[in-house]
1. What list of ³J(HN,Hα) values in whole Hz, one per residue of the range 10-17 in order, does the Karplus curve 6.51 cos²θ - 1.76 cosθ + 1.60 (θ = phi - 60°) give from phi, with Gly and Pro shown as x?
2. Which angle from 0 to 90°, rounded to the nearest 10, does the C-alpha axis of helix 39-51 make with the longest principal axis of the chain?
3. I'd like to know which of Pro35, Pro3, Val19 lies farthest towards the positive end of the charge dipole of the chain, counting +1 on Cβ of Lys and Arg and -1 on Cβ of Asp and Glu.
4. With label points built 7 Å along Cα→Cβ from the Cα atoms of Arg16 and Arg54, find their separation and express it in nm.
5. How large is the Kirkwood hydrodynamic radius of the chain, in angstrom, based on all distinct alpha carbon pairs?
6. Rounded to the nearest 500, what is the 222 nm mean residue ellipticity of the chain from helices alone, with -39500 (n - 2.57) per DSSP H run of 4+ residues and division by all residues?
7. Could you order the peptides 38-45, 51-58 from most to least packed, using the average number of other C-beta atoms within 10 Å per residue?
8. Provide the solvent-accessible area of Thr17, counting protein heavy atoms only and rolling a 1.4 Å probe, rounded to the nearest 10 Å².
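The values are calculated or read from the model by the stated rules, or taken from the named source; none is laboratory data. A quick note: this is a predicted structure, and the numbers were derived from the prediction, not measured. Because the Cβ atoms are built from the backbone with ideal geometry, glycine has one as well, and the counts that use them run over all protein chains shown. Accessible surface is based on the protein model in full, side chains and every heavy atom, while ligands, DNA and RNA are left aside. Shrake-Rupley method; radii C 1.70, N 1.55, O 1.52, S 1.80 Å.
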Amino acid sequence: AGPPRRLRVQVRDGGRTVVDLQLPGVLAELAGAVPGIPAAYADRVREALRTGVRGPIVDVIDDDGSGVTITID
């Protein structure tokens, strides 16, 4: 598996993407320092990195299409 290639944070408002942040995998450990990422989400990212999990780590979407997705590739 190896180290992650990237960490991607997408934020949607009313179904429209308003943030699409992509960090190189070597910076994925800094997820807790990204403004707006709650501590619980940052903890999930750190745990996924520690255990080698890939794919969507956080995927929360409201009925109106607003939400946050954090993915490790």
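1. Per-residue couplings from phi come out as 10, 10, 10, 10, x, x, 9, 6 Hz.
2. So the inclination is approximately 40 degrees.
3. The residue sitting most towards the positive pole is Pro3.
4. Result for the modelled spin labels: 3.4 nm.
5. 12.3
6. -5500 deg cm²/dmol
7. Put in order of decreasing packing, that is 38-45, 51-58.
8. That residue has around 70 Å² of solvent-accessible surface.
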